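Take a look at the structure set out below.
The values are calculated or read from the model by the stated rules, or taken from the named source; none is laboratory data. Bear in mind the structure is a predicted one, so any value in this text is a computation, not a measurement. Cβ placement follows ideal geometry from the backbone for every residue including glycine, while neighbour counts extend to all protein chains displayed. All accessible areas refer to the heavy atoms of the entire protein, side chains included, with ligands and DNA or RNA removed. Shrake-Rupley method; radii C 1.70, N 1.55, O 1.52, S 1.80 Å.
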Amino acid sequence: MFKSAILKVRRLVFLMGVLAAVSSGALAQPVATVIPIVSSVYVNPQKTRMFVFFGYINTGSSPINRTFGPHNFMSPGAEILPGQPFFFLPGRRDYKWDNLIDLSQQTLLTWTLNGMPVTATPDLANNPIYQFPMTWHGRWLRDVYLPNSVVSHNGSLWIMVEASKDYLPEPSPTSPDWKPFDPGGFNGTIGPQGPQGETGLTGPQGIQGPQGETGLPGPKGDTGPQGAKGDTGSKGATGATGPQGPMGPQGPTGPTGPTVNFPGFSAALKIPKSGTLTVQDAKVTPSSVIYVQYIGGQSNGLLPNLGPNVVEVKAGQFVVRGRAQASFRYIVFD
């Protein structure tokens, strides 16, 4: 009975420890991380270049960032290479970025991620795990192809045997990047050339090209024979008027004309700074004609179109607009 009590106490202590560990996070889930991997390695037949594809495994369920530096760098050489990722999606991601290595300069490339290095070397190209899979791409297009890519071009099948990233070679018997591909057996000898086909129909006429540049002037030709005398031309224009002749004798004095009473000018008035002046004059009617003029040509050539002008006429007054501080006189005609 005493032993049973001791066992119960021990179990109780164990359960309390488990509960304390859970509440304190001692049984927390593993921390997610990113692991680098080598997806494929290819070495060209000349053993001069190595083409490497890298990938990664994100063990978590959310994307992870690893900026370039101690936790994300390359070696030897530059620590950061074109295409090197820093944003990693969840799960395994093969063939995420690549690099082309000149084997005369270096023979390996290492990617260190979160303190875990992975190294690509030429001997991995002999391991089927790291070889590029043979892939059918259909008709050849001017595009970038990976090693072991198979295409059709000019009636033949071709397989990429060289890693070309800096140019887009066309499959041909002289191309070092492509080789003829026979999926079953060897190619036979080339047969004799067939007869020439019939000439096709004439295609539609093309659009007219742009006008060419004007050529250089040719040499001057010989003077031609004199032509026949032409018809008499039309009458020319009238000449200029000649000088005035001498004055003739004075004629007889004519009869005396009617007397016209010409009204006199008003006294001098000055336009205020506002440029407008209302003049009071009992002789003014709504139908009066009023002549206004500056005294002594006071415009002096400045603002010659600025009055003085009569802008309004009423019974017993009119309004003048003109240059400020200028003096003028006026005459009222009924």
Note to self: Looking only at the range 100-138, how many residues end up being open to solvent by 80 Å² or more (accessible area, probe 1.4 Å) and at pLDDT below 90?
What the structure shows: 7
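Conditions tested, residue by residue: (1) over 24 Å from residue 315 (Cβ atoms); (2) part of a loop (DSSP other than H, G, I, E, B).
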residue	(1), (2)
203	yes, yes
206	yes, yes
223	yes, yes
227	yes, yes
237	yes, yes
242	yes, yes
263	no, yes
282	no, yes
290	no, no
Checklist line | In the range 86-120, the residues that are of a type in the set (Val, Ile, Thr) and either within 14 Å of residue 53 (Cβ to Cβ) or in a strand (DSSP E or B) (or both) | finding: 101, 110, 112, 118, 119
Check: Would you pick out the residues in the range 60-79 that are open to solvent by less than 80 Å² (accessible area, probe 1.4 Å) and in contact with a strand residue (DSSP E or B) (Cβ under 7 Å, 6 or more places away or on another chain)?
Finding: 63, 64, 66, 72, 73, 74, 75
Notebook entry, point to check: Within the range 283-334, restricting attention to residues that are open to solvent by 40 Å² or more (accessible area, probe 1.4 Å) and under 15 Å from residue 264 (Cβ atoms), which residue is modelled with the lowest pLDDT?
Noted result: 334
Notebook entry, point to check: Do you know which of the residues in the range 37-59 that are farther than 30 Å from residue 177 by Cα and outside any loop (DSSP other than H, G, I, E, B) is most open to solvent (accessible area, probe 1.4 Å)?
Noted result: 57
Next item on the list: Please determine, by comparing only the residues of the range 80-98 that are surrounded by 11 or more Cβ atoms within 10 Å (Cβ to Cβ) and within 14 Å of residue 114 (Cα to Cα), which one is modelled with the lowest pLDDT.
Entry: 86
